[in-house]
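Every read-out reported here was derived from the displayed coordinates using simple, explicitly stated rules and does not represent laboratory data. All of these numbers come straight from a predicted model, not from anything done at the bench. FYI the Cβ positions are ideal-geometry reconstructions off the backbone, even for glycines, and counts take in every protein chain you see.
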Amino acid sequence: MRGGTCIYHGRSLRGHPNKLVSGRGCRPVQWHLDSASTDEFSWGTRLTDLYRHAQLVTAAVSSAIGRTSPCDKTSASLPTVKEIALKQIFFWEPRRRRIFWIHDVPKALENHAAEVIIRAHNWVLPWNSRIHQGLLNEMNAYRKEEEERKNVGVKADPEAYKYNVQDPFQYVKCISGAYTHADKLKGKILDSCHFEVSVDHAVQDNDPELFIVLYKLLRDAGIIQD
């Protein structure tokens, strides 16, 4: 939004539609619309989805206020309104995203249809253009270490265990694995100023719409529920 300020994942966009200012003030983070996860969903579709979620929250507010006493139209309903609002994907907090990647996604991937749907979607490839490089490097190293741990005495070829950046299904597995094994990555994922960042921070800074697109694909296929 030119001339205005928008808040997106804790960042401020002021005066230029394609620039995010990093929270630590180290460097500007460029936000290119052509680096989104997918070419298939238009921005109009995304805004329509956001509007639909906003309508649900508005309805929840109206309903909750209507259930309170005539003397108190707001305070008693606020916890209910917040709970309903945070269930909408556009308003998910980090904890809810972690649950999605650690529990919902692995369970969904047990269904072979999920693999087919993910691979068939019109993703932007290779996906390593929009992942935190430190996170990808650590996940590749983790896969190699796990293989060597399972096969004691056998030196694993590091190239053999790298994620395939042309395969979107591998991207989903990489991100899900990063959230799942976040404790093992602690202290290893750094920003441009060499400050430690969480897995969620690294993923959201580099591909903030990934979980939204994936959730929509799996939900529309009936593999996961709202």
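Starting from 0.36 nm per residue, how many nanometres of slack lie between residue 110 and residue 196 once their C-alpha separation is accounted for?
That pair, residue 110 and residue 196, stretches by 27.7 nm at full extension.
Using a simple spin-label model with points 7 Å from Cα along the Cα→Cβ vector, what separation in nm is obtained for residue 148 and residue 220?
So the two model labels end up 4.3 nm from each other.
Once the convex hull of the C-alpha atoms of the range 103-226 is built, how many Å³ does it hold per residue, rounded to a whole number? Numbers along the way, then the final one.
Details: hull volume 15.0 nm³, N = 124.
Cα convex hull per residue, to the nearest whole number: 121 Å³.
Which of the peptides 169-176, 214-221, 118-125 is most tightly packed, and how do the rest follow, judged by the mean count of other Cβ atoms within 10 Å per residue? Write out the running numbers ahead of the final one.
Numbers: 169-176: 21.5, 214-221: 18.2, 118-125: 15.8.
Final packing ranking: 169-176, 214-221, 118-125.
Between residue 188 and residue 155, with labels modelled 7 Å along Cα→Cβ, what's the label distance in nm to one decimal, could you check?
With each label point 7 Å from Cα toward Cβ, the separation is 2.0 nm.
So how do 108-117, 127-136 stack up, highest first, on mean other-Cβ count within 10 Å?
127-136, 108-117
Work out Dmax and Rg for the range 161-203 from the C-alpha atoms and quote the Rg first, both in angstrom.
Reported Rg and Dmax, both Å: 11.4, 31.
Cα gyration tensor of the range 152-224, axes a ≥ b ≥ c as square roots of the eigenvalues: rounded (a/c below 1.5), prolate (a/b > b/c) or oblate?
Verdict is oblate for the range 152-224.
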